[in-house]
Amino acid sequence: MAFSKGSWVAITLLLFAALVSAANGDHELSARYYDKTCPNVQRVVQTVMANTVARDPSVAPALLRLFFHDCFVNGCDASVLLDSTPFSESEKDAVPNTSLRGYEVIDEIKSVLEHDCPVTVSCSDIIALASRDAVGMLGGPSWNMPLGRKDSRRADKYGAENLPSPHDNFAALVSMFRDRGLDTRDMTALSGAHTVGMANCVNYRDRVNGNADIDTSFARTRRQTCPAGDRDGGMAPFDQQTPMRFDNAYYKDLIARRGLLTSDQALYGSGGPQDGLVEMYSRNGARFAKDFAKAMVKMGNIFPSKETPVEVRLNCKMINWS
């Protein structure tokens, strides 16, 4: 049977609409989501991650950060990976995201999976698995990551401009996390991700210059690479003692008034149950690890709004049939 050019266009549009509509259906995430359709997905992610982190360990905390920045803007939908187009600004260009790294690792994993299991594994699930493996490779916990997310067909640069700020106080942080269905315990555990990685001077200059609630020797050391009048400045590890080991040193730093960011130190010092939680994590690394894993799963369950068109992207940088 022959089809006219107009018929082919109509059929293509119908297939495209069906794919997007099916992808946007309500469903529950499951750690076994790809057992039948792509059983090697975990092995592929782990292999690429292991090879990458062996070459450059700093990629591990970068990918953990990428997952946070994706999920906190309209849910875990890989919108943070989309490049700018003439019709849509990229979240990558939002101020809080200009220092994000690790995109090429996600692209590499996606390339392998598209060869093994075409049009099956979403970019958002790849970010989730990569962040989980990053924590494990830094000596932290592992967990069963529920899967089955879909990828957004649009970015939200404005939303990315309103991520939690390194200058936020406790009340602002609580409100930001609560709006995403995360409670104070989740927030405190997830903040422990700052036990690894680095921060830019612009994010902690206010903390180490003229702040009374800070250890004086710590502030003096940090000012050496981030003085008050320096426009650019350097970078500093969140935790000076074990900057590339995922442990509970972050909470010990808070108690010692050595939190690098204003938003870090905001978690401790006001007394009451919140201080007790930080103190408990500082004493009990196993409890912190367990709560962190639980909170990562909970954050990973933040879905995009029902109005968001979604799909499984073929290329994580762009929507399908763009």
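The values are calculated or read from the model by the stated rules, or taken from the named source; none is laboratory data. Please read these numbers as outputs of a predicted model, since none were measured by experiment. Positions of Cβ are backbone-derived with ideal geometry, glycine not excepted, and every protein chain shown enters the neighbour counts. Just so you know, the surface numbers come from the protein's heavy atoms only, side chains and all, with ligands and any DNA or RNA stripped out. Shrake-Rupley method; radii C 1.70, N 1.55, O 1.52, S 1.80 Å.
Of the listed requirements (1) over 24 Å from Ala60 (Cβ atoms); (2) aliphatic (A, V, I, L, M); (3) open to solvent by less than 10 Å² (accessible area, probe 1.4 Å), Val196 misses just one: (1). Kindly check whether there is at least one residue in region 27-37 that is modelled with pLDDT under 95 and under 21 Å from the mean Cα position of the chain (by Cα). Yes: one or more hits. Restricting attention to region 68-84, does a residue exist that is open to solvent by less than 10 Å² (accessible area, probe 1.4 Å) and either modelled with pLDDT under 95 or of a type in the set (S, T, N, Q) (or both)? Checked against the condition, which is being open to solvent by less than 10 Å² (accessible area, probe 1.4 Å) and either modelled with pLDDT under 95 or of a type in the set (S, T, N, Q) (or both), region 68-84 yields at least one hit.
Within region 85-96, identify whether any single residue is open to solvent by less than 40 Å² (accessible area, probe 1.4 Å), within 16 Å of Ile302 (Cβ to Cβ) and part of a helix (DSSP H, G or I), and answer yes or no. The answer is yes, given that some residue of region 85-96 is open to solvent by less than 40 Å² (accessible area, probe 1.4 Å), within 16 Å of Ile302 (Cβ to Cβ) and part of a helix (DSSP H, G or I). If you go through region 175-192 and keep only what is open to solvent by 10 Å² or more (accessible area, probe 1.4 Å), small (Gly, Ala, Ser) and assigned to a helix (DSSP H, G or I), you end up with Ser175, Ser191. Number of residues in region 268-295 that are open to solvent by less than 30 Å² (accessible area, probe 1.4 Å) and in contact with a Phe, Trp or Tyr (Cβ under 7 Å, 6 or more places away or on another chain): the value is 6.
Residue pairs whose Cβ atoms lie under 7 Å apart, separated by 6 or more positions or on different chains, with the first residue in region 138-166 and under 16 Å from Asp70 (Cα atoms) and touching a residue at least 12 places away in the same chain (Cβ under 8 Å) and the second open to solvent by 50 Å² or more (accessible area, probe 1.4 Å) and outside any loop (DSSP other than H, G, I, E, B), are Lys157/Asp93; Glu161/Val95. Go through the residues of region 263-273 one by one and say whether even a single one is among the aliphatic types (A, V, I, L, M) and either closer than 20 Å to Val174 by Cβ or modelled with pLDDT under 95 (or both). Yes, region 263-273 has at least one match. There is at least one residue in region 161-178 that is out of contact with any Gly (no Cβ under 7 Å at 6 or more places or on another chain), closer than 25 Å to Ala295 by Cα and of a type in the set (Ser, Thr, Tyr). Entry remark, region 31-52: residues being of a type outside the set (D, E, K, R) and open to solvent by 20 Å² or more (accessible area, probe 1.4 Å) number 10 in total. Being closer than 22 Å to Ser282 by Cα and touching a residue at least 24 places away in the same chain (Cβ under 8 Å) is a property that Asn169 has. Scanning region 58-82 for residues that are of a type in the set (Gly, Ala, Ser) and within 17 Å of Val297 (Cβ to Cβ) gives a single hit, Gly75. When Arg205 is tested against (1) touching a Cys at 6+ places or on another chain (Cβ under 6 Å); (2) under 17 Å from Met299 (Cβ atoms); (3) open to solvent by 10 Å² or more (accessible area, probe 1.4 Å), exactly one condition is not met: (2). When the residues of region 102-140 are filtered to those that are assigned to a loop (DSSP other than H, G, I, E, B) and among the polar types (S, T, N, Q), the one that is nearest to Ser79 (Cα to Cα) is Ser122. Here Ala172 does not fit the description of being among the aliphatic types (A, V, I, L, M), part of a helix (DSSP H, G or I), more than 30 Å from Ser305 (Cα to Cα) and at pLDDT 95 or above. The set of residues from region 211-230 being touching a helix residue (DSSP H, G or I) at 6+ places or on another chain (Cβ under 9 Å), open to solvent by 30 Å² or more (accessible area, probe 1.4 Å) and not acidic (Asp, Glu) comprises Asn211, Arg220, Thr221, Arg223, Thr225, Pro227, Ala228.
Cβ separations smaller than 7 Å between residues 6+ apart or across chains give the following pairs from region 269-294 residues that are free of Cβ contacts under 8 Å to residues at least 40 places away in the same chain to residues that are among the basic types (Lys, Arg) and open to solvent by 60 Å² or more (accessible area, probe 1.4 Å): Met280/Arg287; Ser282/Lys252.
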